[in-house]
Each structure stands twice: as C-alpha cells, then as structure tokens.
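Student: Attaching a single structure in structure tokens format; questions to follow.
The values are calculated or read from the model by the stated rules, or taken from the named source; none is laboratory data. Not measured: the values here are computed from a predicted model. Heads up, the Cβs are rebuilt from the backbone with ideal geometry, glycines too, and the neighbour counts pull from every protein chain shown. Surface areas here come from the heavy atoms of the whole protein model, side chains and all, with no ligands, DNA or RNA. Shrake-Rupley method; radii C 1.70, N 1.55, O 1.52, S 1.80 Å.
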Amino acid sequence: MTKQSGNDLISREVWAIVPAAGQGVRMGGALPKQHMDLCGKSMLHLTLSRLCEMPFITGVIVGLAVPDPRWENDPYEHPKFHGEFGGGERRQDTVREGVLHLVDAVGVDLGEYVLVHDAARPCITHEDALKVVMTALQHEDGAVLGSRVKDTIKSSNEDGVISGTLDRNSCWRAYTPQVFKAASLLDALDRVLDSKVTVTDEAMAMEYAGRSPIMVQGSDMNIKVTEQTDLRLAEAFLEGGASS
C-alpha cells in the first residue's frame, strides 16, 4: 500500500517503533531512564511527541516492560500514536515484537517501512529523520543515521593495552532512527533469534542476514541519554527550541 504523507515527500507508509522495555541501569536512580523527567515531561513522552509531530511518519508504537506502572499512571495520547505492546528481554526481541504487532494488530503491510528509534534520543530533529527515511526508500537494505568518527580510534585488549589504530575514515557512530522495509527487518530479526545471536542494533541484525544498510550523516546533537551529564545536554538542546 502507498500513502501520501502530510508533507507530500513520502509516498510510502513509515511506522515508528520505540523500544522502551529496558531498565536503563547505567543512569542509576529509581526510575528507568525513559521515564525520567526532562523539561517537565518524561523522556519517553518527549521522544514519542517528536516522532508523532513528523508529517512523514504514519504512526508510532512503543514497546514496554510488562508491567510498567509508571506508564500505566501516565500514558501518552496523540492521534498518530497507536498504543503500546509488550517488549522482550532484549532490544532485538522488543523490536521483533513491534514489527509483529504492526502487522498483526495494526494491519501494516510487510512491504511498508519501519523506523526504529531509541526512547533515550529525545533530541532527534525532523531534518535528520527525514534524511534517513528518504535514503532508506532509495537503498534496498535500509539506512542508519549516524556520524562519522572525528577522533583517532584505538583498539585494545581487555587491559586497555593498545593493539592497533583503526582507519577513522571508515568508522561511524551509529545512531537511530534506523529505517528498513518491514519484511527485511523481520527476516533479519528472525535469523538472529533462530541462531541465538545477540545484536546491539537493527543494522547489526541486517548485517547478520547478509544485507548492507547505508549510513547517513546526522547531527551530533542526536545524543543518547545514558548518564546524568547527557540529561543536562538534552535539556539544554530542547530548551533551545530546536525542532528541525
């Protein structure tokens, strides 16, 4: 099925999955990081709002731990928000359940596109998200937002002793959104599940399935909130009113 989006730029449906079933233990504190306060709202609500406000995104779902009392007491509502689903033990399990939920419960065709975005990246801009979506529509194996590495990159052993220097010209930091055809992503996630392989992002699952997603340069402000200092940086960015 094809569908004209609100900005007349995308002729396909693009459905966003936000995996938010993790506990965010590196942040510390009593709450999982996705429920921490950021600019007067939960970080998860802010991320969902940024995605729902993008005219080229058809709809958004979120994968949560079951139960999630904080969500039950403070659910999110938006016309483009199509609800929550039960997440899995690992990120890859949650995303796989999300694709299945889109197909089985929402009625999304496997020929449409899935955009996966971290709940802990509330600073994603419309411009970067549109750029990676447009690239994915043109590249069969999908697209990943990221940033070329600027520093010198060293490899080391477990004790920190340097074993070599990598060519930074071929190195990227992988961010989200990551965008793929729903059928291709589901196939890749099925393969890693069957092989009992753990992956750290969707692109890694695609690589395991023999596919080669393409990297798309994005803003370094698309930070992943992992520590308290990241929380302050995200607040400064969002309070600056950046939205594009």
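Student: Any idea which of V192, V225 is among the β-branched types (V, I, T), closer than 25 Å to H45 by Cβ and open to solvent by less than 20 Å² (accessible area, probe 1.4 Å)?
Tutor: Details: V192 fails: closer than 25 Å to H45 by Cβ.
That would be V225, the only listed residue that is among the β-branched types (V, I, T), closer than 25 Å to H45 by Cβ and open to solvent by less than 20 Å² (accessible area, probe 1.4 Å).
Student: Considering only segment 154-180, state which residues are closer than 15 Å to E140 by Cα and touching a Lys or Arg at 6+ places or on another chain (Cβ under 9 Å). Step through it out loud before you land on a result.
Tutor: Let us first name the residues in segment 154-180 that are closer than 15 Å to E140 by Cα, namely 178-180.
Of everything in segment 154-180, just one residue is closer than 15 Å to E140 by Cα and touching a Lys or Arg at 6+ places or on another chain (Cβ under 9 Å), namely F180.
Student: Right, next: Looking at this structure, is L115 surrounded by 21 or more Cβ atoms within 10 Å (Cβ to Cβ), touching an Asp or Glu at 6+ places or on another chain (Cβ under 8 Å) and either touching a residue at least 12 places away in the same chain (Cβ under 8 Å) or under 20 Å from L186 (Cα atoms) (or both)? Walk me through how you get there before you give the answer.
Tutor: On the way: surrounded by 21 or more Cβ atoms within 10 Å (Cβ to Cβ): yes; touching an Asp or Glu at 6+ places or on another chain (Cβ under 8 Å): no; either touching a residue at least 12 places away in the same chain (Cβ under 8 Å) or under 20 Å from L186 (Cα atoms) (or both): yes.
No.
Student: List the residue pairs whose Cβ atoms are under 7 Å apart, where the first residue sits in segment 178-195 and is without any contact (Cβ under 8 Å) to a residue 24 or more places away in the chain and assigned to a helix (DSSP H, G or I), the second is surrounded by fewer than 20 Cβ atoms within 10 Å (Cβ to Cβ) and of a type in the set (D, E, K, R), and the two are 6 or more positions apart or on different chains.
Tutor: Listed by first residue and then by second, the contacts come to A188/R211.
Student: If you go through segment 50-66 one residue at a time, do you hit one that is at pLDDT 95 or above, within 14 Å of the chain's Cα centre (by Cα), open to solvent by 20 Å² or more (accessible area, probe 1.4 Å) and under 26 Å from L233 (Cα atoms)?
Tutor: yes
Student: Then there's this: Collect the residues in segment 67-97 that are in contact with an Asp or Glu (Cβ under 9 Å, 6 or more places away or on another chain), of a type outside the set (S, T, Y) and in a loop (DSSP other than H, G, I, E, B), keeping them in residue-number order. Step through it out loud before you land on a result.
Tutor: Just the residues of segment 67-97 that are in contact with an Asp or Glu (Cβ under 9 Å, 6 or more places away or on another chain), to begin with: 68, 71, 75-76, 78, 80, 84-88, 91-92, 95-96.
With the extra rule that they be of a type outside the set (S, T, Y), the set shrinks to 68, 71, 75, 78, 80, 84-88, 91-92, 95-96.
D68, P75, H78, K80, G87, G88 - these are the residues of segment 67-97 that are in contact with an Asp or Glu (Cβ under 9 Å, 6 or more places away or on another chain), of a type outside the set (S, T, Y) and in a loop (DSSP other than H, G, I, E, B).
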